[in-house]
Amino acid sequence: MGQRLIVEFRYDGETIFGLYQHWSAYTQSAFETLYSLIQCDNDLGTGGHWKKPTSYKEAVLQAMEMASNIQGVVWDNYNPAMKDKDDESFGWSYVRKTFTGDDDQSKAIRALSEKFSNVGDRSTGLVMIGKEAENCLDLGEYSIAINLDDQDIQFDVFNFFEGLAEYVDCYGGEADKPSNLVLPQNVYLDNFKYDDIDCISPVIDKMAEGYQFYVPSIGYDKDVIFGAIA
């Protein structure tokens with residue numbers, strides 16, 4: 001059905017933070033979420049660009065700053081009656097237990113944890129941390145992974161068909177052959193860097209209009225045809 005989107009924020013090979021959005025696992029909606037997340041206008045960036053985190057704490061703060069770009073995100077376990085919930089494995093309680101220092105990063109994480117406690121719902125977004133984040137992929141049908149270490153994005157919110165020849169045979173012949181997608185070197189539609197997002201954006205826009213694209217087998221086992229989940 002394509003409703004449930006999960007965004008994983010990864011650092012040092014681990015999922016440290018998660019974002020769940022209901023009704024957003026459609027290609028264009030998911031890309032709009034991604035675009036919002038990686039916008040940089042805070043102290044963690046230099047000249048409008050995110051910096052590579054140098055510690056788990058800095059990575060958590062960066063992920064939380066990204067999530068705060070989306071209005072209305074709240075903790076997954078948020079409920080006014082649960083404000084003092086003492087399960088320290090996730091949410092507010094995990095933050096209060098883990099980031100207790102007086103350094104600027106710890107204080108910023110605690111402040112953002114309160115920002116995520118305002119009124120919101122699963123459509124605007126639920127955020128997760130700790131053990132809950134580690135298992136967040138189980139909640140969604142399609143996913144985006146943001147690797148904070150190397151600013152690599154895995155965008156897996158597509159319909160796709162492997163093998164151009166097989167596709168042509170099944171879907172009406174050469175007249176219905178999808179357009180060849182040409183992207184800059186080392187940029188793939190489902191795997192790219194933060195700085196590549198502007199060259200991916202027009203492709204997503206065309207897909208939303210019903211276009212499909214195929215990518216030669218460089219980087220893939222076979223030619224892959226990408227289409228939008230709409």
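Of all accessible surface on the chain at a 1.4 Å probe, what whole percent is carbon and sulfur? List each step's numbers first, then the result.
Details: 5190 of 11470 Å².
That fraction is 45 percent.
Would you be so kind as to identify which of Ala108, Leu181, Tyr214 lies farthest towards the positive end of the dipole of the chain, taking Lys and Arg as +1 and Asp and Glu as -1 on Cβ and the Cα centre as origin?
Working it through, the farthest residue towards the positive pole turns out to be Ala108.
As I understand it, the dipole of the chain uses +1 on the Cβ of Lys and Arg and -1 on the Cβ of Asp and Glu, about the Cα centre. Which of Thr33, Ile144, Gly72 lies farthest toward its positive end?
The residue sitting farthest along the positive end of the dipole is Gly72.
Using the basic label-point model (7 angstrom from Cα toward the beta carbon), what is the Glu114 to Ala230 distance in nanometres?
Label at Glu114, label at Ala230, 4.6 nm between them.
Give, in nm to one decimal, the length gained when the segment between Leu137 and Lys222 is fully stretched (0.36 nm per residue of separation minus the Cα-Cα distance).
Stretched out fully, the Leu137 to Lys222 stretch lengthens by 28.0 nm.
In nm, to one decimal, how far is the modelled label at Glu162 from the one at Glu32, with both set 7 Å along Cα→Cβ?
The modelled label-to-label distance comes out at 3.2 nm.
Express the accessible area of the chain per residue in Å², computed with a 1.4 Å probe while the remaining protein chains stay in the model.
Ligands and nucleic acids excluded, the result is 50 Å² per residue.
How far is helix 27-37 tilted off the main Cα axis of the chain, in degrees rounded to 10, range 0 to 90?
40 degrees
Full-extension gain between Arg96 and Lys177, please, as 0.36 nm times their residue separation minus the C-alpha to C-alpha distance. The partial results should precede the final answer.
Values: separation 81, 0.36 × 81 = 29.16 nm, distance 5.53 nm.
Working it through step by step, the gained length comes to 23.6 nm.
Report the calculated FRET efficiency for Asp152 and Asp103 (r = Cβ-Cβ distance, R0 = 22 Å), to the nearest 0.05.
Computed FRET efficiency for Asp152 and Asp103: 0.20.
Over 27 Å between Cα atoms, which of Lys57/Lys115; Lys193/Lys222; Lys131/Lys206; Lys52/Lys107; Lys177/Lys222; Lys97/Lys193 qualify?
Check vs 27 Å cut-off fails for Lys131/Lys206; Lys97/Lys193.
If you find the alpha carbon centre of the range 100-157 and of the range 5-45, how far apart are they in angstrom?
Centre-to-centre distance over Cα atoms comes out at 8 Å.
The values are calculated or read from the model by the stated rules, or taken from the named source; none is laboratory data. Remember, it's a predicted structure, so these values are computed and weren't measured experimentally. Cβ: placed from backbone, ideal geometry, glycine included. Neighbour counts: every protein chain shown. Accessible surface is based on the protein model in full, side chains and every heavy atom, while ligands, DNA and RNA are left aside. Shrake-Rupley method; radii C 1.70, N 1.55, O 1.52, S 1.80 Å.
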